[in-house]
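Since every read-out is calculated from the coordinates, none of them should be taken as a lab result. All figures in this text were calculated on a predicted structure; none of them were measured in a lab. Here the Cβ positions follow ideal geometry from the backbone for every residue, glycine too, while neighbour counts run over all protein chains shown.
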Amino acid sequence: MICINANIPKELNDTDDELKAIYYSKNTVSFYISKNKVQRNEFIEKTEGMNTTDRKIIYQKHQS
């Protein structure tokens, strides 16, 4: 197990884990928050294998 200490915003802690999609790279952790579980699952399926930049574009369209 690897633990990285960070100051996590309260809003992120208060968000149901089933609404979060979490991705990481060498130097970044990204949290994508959806309005419901179905929307989160659709986002995960659409962005499978994408890099961070492409995933961010899809997320912005997905949240509209």
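Our summary gives the chain a relative contact order of 22 percent, counting only alpha carbon pairs under 8 angstrom and 6 or more residues apart.
Note on the range 1-27 and the range 31-57: Cα centroid distance 15 Å, given to the nearest whole angstrom. Which residue fluctuates the most in the chain, going by a Gaussian network model with Cα springs under 10 Å, if the choices are ILE44, ILE22, ILE33? Comparing ILE44, ILE22, ILE33 in the GNM, the peak value goes to ILE22. Run the Debye formula on the Cα coordinates of the range 14-62, all scatterers equal and no solvent, and tell me log10 I(q)/I(0) at q = 0.19, 0.20, 0.23, 0.28 1/Å. After summing over all Cα pairs, the log10 values are -0.57, -0.63, -0.83, -1.16. Kindly provide the GluC sites (Glu not before Pro) of the chain that DSSP labels as loop, not H, G, I, E or B, and whose Cβ sees at most 12 other Cβ atoms within 10 Å. Those satisfying the criteria are GLU48.
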